[in-house]
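Here, each number is a calculation from the coordinates, and none is a lab measurement. Nothing here was measured: the structure is a model prediction, and the numbers come from that model. Neighbour counts run over all protein chains shown; Cβ positions are idealised from the backbone, glycine included.
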Amino acid sequence: MARIGVFVCHCGENIGRTVDCSVVAKESAKLRDVVYSVDYKYMCSDPGQIMVKDAIKKHNLTGVVIASCSPLMHEKTFRRAVQETELSPFLCEMANIREQCSWVHEDKVLATKKAVDLVRLMVEKVKRNTPLEPIRIPVTKRALVIGGGIAGIQAALDIADGNQEVVMVEKSPSIGGHMAQLSETFPTLDCSQCILTPKMVSANSHKNIKLYTYTEVESVTGYIGNFDVTLRKKARYVDDSICSGCGICQEKCPQKKISSEFNTGLGKRPAIYIPFPQAVPNIPVIDKERCTYFKNGKCKACEKFCDRNAIKFDQTDEFINIKVGAIVVATGYEMYNIGKNNKNGIKGYGEYGCGEDPDIIDSLQFERLLSASGPTFGEVKRPSDGKVPETVVFLQCVGSRDKAKGMEYCSKICCMYTAKHTMLYKHKVHHGQAFVFYLDIRAGGKNYDEFVRRAIEEDGAIYLRGRVSKIYREGDKLIVKGADTLSGSQVEIAADLVVLATAITAQPDIVPLAQKLGVGYDKYHFLSEAHPKLKPVETNSAGIFLAGACQAPKDIPESVAQASAAAAKVLGLCSATELEREPYVAKVYESTCAGCGFCIEACPYKAIDNKAIVNRQGKLIKNVAYINQGLCQGCGTCLSVCRSKSIDLAGFTDEQIFSEINSLFV
Amino acid sequence: MNYGYFPGCSLHATAKEFNDSTKLVCDKLDLELKEIDKWICCGATPAHTTNQELGIALPFANLQLAADQGFDTVVAPCAACFNRLRSADFEVKHSGYTAERVGYITGSRTDINVRILHIIQLFRDEYGYSRLKEVFSKPLKGLKVANYYGCLLLRPSLVMKLDDPENPVIMDELTNLTGAESVPWAFKTECCGASLAIPETEIVLDLSKKIIDSAKNAGADVIAVACPLCHANLDMRQKQIGKKFGADYSTPVLYITQLLGLALGIDPSKLGLDSHLVDPYPVLRAKNIL
């Protein structure tokens, strides 16, 4: 005989304003099998929870219905309270009379009536609840970090320092990411390489980190605690176990005029190359597309001069299978290009010459011009003729915040790095003048606004609020035509160099990876966090976390903070030997299952398989569906396609649902 | 296929050479243009600056005429006519209220579907570059052309849908097909001052000077246009510009259809090359084109 208690919450005014809670409690008391009912202002508060616990003991309740908010909000709270009384938490149900009643209705009489109906449904359901057991799944104590920029490195180091194993994957030949390309960093102007390269070395030498560079994620299957990942280690054509990184191959390679990715096209590199001197690992890679031997079948200069015989032209891509319990995605960003042929159909800037003038460069290129390791060894020289530019115009929000270009968001870091650029430029070219066209100066952050003021007040950058309509060449000069909206005048500046703070965009190849991982992304292809405020590093795929600019434009401090947060989440996950999850999974009645396999086809999570039932002699009796409880998400798709009604969903059985519906017709 | 031809007022008057060259070129290419019977004013700038509904109803009435006369495509060489026709069509198609009002004002149905093409679009999209390349018999080798697009042809780009409004190339592509060389330059889409020529002539002199200077600096022998007002401001004002700035201004300004006509071997006087204020003959002779 069921003994059900009903607890009606006013939620302050939220429910009480539109639903007469005392009437709901009174009416509930009349329902069959309800032995106790009460209403209270804040049922989720401590006294509220005590009321529930006391009532369970005093009235010997076998089931509890809390009529309050959505189960998403407080089901956990109340189930925890119920559990403390030794009643199974699965015998507690929520009737949602807030989101589904008081918040959406105005008529108090009707709303009260509906609230009673909602309670009646749940009373019928909870009577048929069974004390389920949470599912326990084992955890592989190893994490995969995808991406070897500052976010990936920080996450890997933090996890490794927490004494868990990490596999780190980077698609390019070296880790370091964009931060390795930067000159000095705001707001303290410390050298980017100096603070990054020690971390790169640590990541490579840490006993808990296994680093794979020039490697991509091929496939991901499995679930939280138990991911099976296949990596594709791309052929480097250099045996990294033999190579000493001496660099003679680079010197001897006859192809020397290939535009260097690391130097953003402002420098050259050979076909066999180490991307930059501080690269980790310090192992070269052959650019197959441009290597003379691969193109013509002749050359092999690198092989001839390599005294360790490390060049392996017959190397092929290698596939590596690993098992991990958690994944951190830290794939970073790419800068928008103003050229004509852009990805995703995003338009270029015809009014700025579509990037065809060598002296109109983007900010990352300017970083390379400022960098001591850059193509000009840190001297500011413009690309066209090597002249030291005396007037430099900086344009902010190129692409960003521009609906016409399809990027309505703020790229967040440009205000700060442009201020930094004007400073560094002034420190190197004392007689030079920097102009900045901006829309708004967004310098929120510790010591950030002070930094911008310093650029303006001490280093004399002239800030003009407005957009630039056109840049064109007139002889030696670039004419920049813009508006100064504060003085309401048109401005024309004859510049030697123009630097565009172009938008931060998602990695162009992020979508296939996101799909492999089952991680959502927004319309700009930035990866989606599980909750914008309360779950900023989690994704909707349990066990997969985000760090850095793959989620949204971020500066270094923010990327590092998020990376450490992701690492903390991974360490938390790895701290348990087993994970607990809600037991709302499908189960098969093997006696009636005909083994038709419809459910296998229908399951979106690939959680269903065939299982052979054999007799003692090992003879096959029949095939039935088998549900992997670790993979099942309890969506119920299999139930709806099962023709023999041989599948049911724990916690939401057909019997429960039908009794809920029937209760409405009394 | 025949096209409803909408010449507009300019092509019957000040821009007669644009009309003549357009018709001669289309004749040669077997593109049949049939003037829309009883066409009326497109409204130009005055209509839409005085009354929004008038500015839509006038051009739309022309589309209704074209539809009634069985044309599914209207060709307009004048950039302003093209702009007004496209804009009216856009407004009517995107607002039920506007459609209703325009239907009431014109007393005719608004659920019509007439394509509106600019004359250069006819060459690019209907005739096609590959066929055009075949028919040019007199290549304009050695002639450097600055193609000037102005504003009305391209903007608002969402409505005009002709080319990139910041860095258009359609006229350059046509020019290059003739064997002439289109020069890269910065003032392709700068404002010529347009109708300010009447109330604020000085502004037009300043703006047009900058355009001509930019073309000359880019090494252009001639400027090509596809708009009667652009032509008027650039061709007609050069003497005044010269006077104001104390320099000689004599850069010929040709309609793109005149250039195409020359490449097709059409008699230059029939193309109206005699009617420009800056005489193009010396330059064309110097380049051995005539």
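Observations on the model:
- Taking a Cβ cut-off of under 12 Å around B:LEU152, the surrounding Lys, Arg, Asp and Glu residues balance to a net charge of +3, with basic ones at +1 and acidic ones at -1.
- Computed from the C-beta positions of A:LYS76 and A:ASN610 and an R0 of 41 Å, the FRET efficiency is 0.70 to the nearest 0.05.
- Environment charge at B:GLN52 (Cβ cut-off 10 Å; Lys +1, Arg +1, Asp -1, Glu -1): -1
- Highest-MSF residue in chain B out of B:PRO46, B:PRO59, B:PRO139 [GNM, Cα springs under 10 Å]: B:PRO46
- Basic side chains Lys and Arg get +1 at the Cβ, acidic Asp and Glu get -1 at the Cβ, and with that the dipole of region A:335-505 about its Cα centre reaches some 520 debye.
- When only Cα pairs below 8 angstrom with a gap of at least 6 residues are kept, chain B shows a relative contact order of 19 percent.
- In degrees, nearest ten, helix B:16-28 long axis to first principal axis of chain B (Cα): 90
- Computed 3J(HN,Hα) for region B:47-53, one whole-Hz value per residue from the Karplus formula 6.51 cos²θ - 1.76 cosθ + 1.60 where θ = phi - 60°, is 5, 6, 8, 9, 8, 4, 5, glycine and proline marked x.
- For the pair region B:6-44 / region B:106-172, the C-alpha centres are spaced 15 Å from each other.
- Using the Cβ-Cβ distance between A:ALA576 and A:THR130 with R0 = 30 Å, the FRET efficiency computed as 1/(1 + (r/R0)^6) comes to roughly 0.70.
- Distance from the C-alpha centroid of region B:180-239 to that of region A:369-434: 34 Å, rounded to the whole angstrom.
- Total charge dipole magnitude, region B:2-119, about the Cα centre, Cβ charges on Lys, Arg, Asp, Glu only, Debye to nearest 20: 180
- Among A:SER646, A:MET43, A:PRO281 the positive-end extreme of the charge dipole of chain A (Cβ point charges): A:SER646
- Other residues with beta-carbon under 13 Å from the beta-carbon of A:THR130 carry, at +1 per Lys or Arg and -1 per Asp or Glu, a net charge of 0.
- Cα-Cα separations in region A:235-315 greater than 17 Å, expressed as whole percent: 39
- The protein assembly as shown: radius of gyration and largest Cα-Cα distance (Dmax), Å: 36.8, 112
- Maximal additional length on extending the A:ASP484-A:SER219 stretch stands at 90.2 nm, based on 0.36 nm per residue less the C-alpha distance.
- Residues whose placed amide H lies under 5 Å from that of A:VAL519, excluding near-sequence neighbours: none
- Cα-centred dipole magnitude for the protein assembly as shown, charges only on beta-carbon of K, R (+1) and D, E (-1), debye, nearest 20: 1820
- Simple rule: put +1 on each Lys or Arg Cβ and -1 on each Asp or Glu Cβ in chain A, find the dipole, and look at A:SER202, A:THR592, A:ILE657; the Cα lying farthest toward the positive end is A:THR592.
- Separation of region A:586-616 and region A:457-534, taken as the distance between their Cα centroids, equals 54 angstrom.
- Equivalent ellipsoid of chain B: semi-axes from √(5λ) of the C-alpha gyration tensor, largest first, are 32, 23, 16 Å.
- Amide H within-cut-off set for A:GLY267, under 5 Å, with H built and near neighbours excluded: A:SER260
- Taken one residue at a time, the phi angles of region B:104-120 give Karplus couplings (6.51, -1.76, 1.60, θ = phi - 60°) of 5, 5, 7, x, 9, 6, 10, 7, 10, 10, 10, 6, 10, 10, 7, 4, 6 Hz. Gly and Pro are set to x.
- In order along region A:264-276, the phi-based Karplus estimate (6.51 cos²θ - 1.76 cosθ + 1.60, θ = phi - 60°) of 3J(HN,Hα) comes to 6, x, 8, x, 10, 9, x, 6, 9, 8, 9, x, 7 Hz; Gly and Pro are listed as x.
- Signed unit charges on C-beta, dipole axis of region A:445-563, positive-most listed residue A:GLY460, A:THR502, A:ILE479: A:THR502
- Cα gyration tensor, region A:335-505 - rounded (a/c under 1.5), prolate or oblate: rounded
- Residues whose placed amide H lies under 5 Å from that of A:TYR463, excluding near-sequence neighbours: A:VAL436
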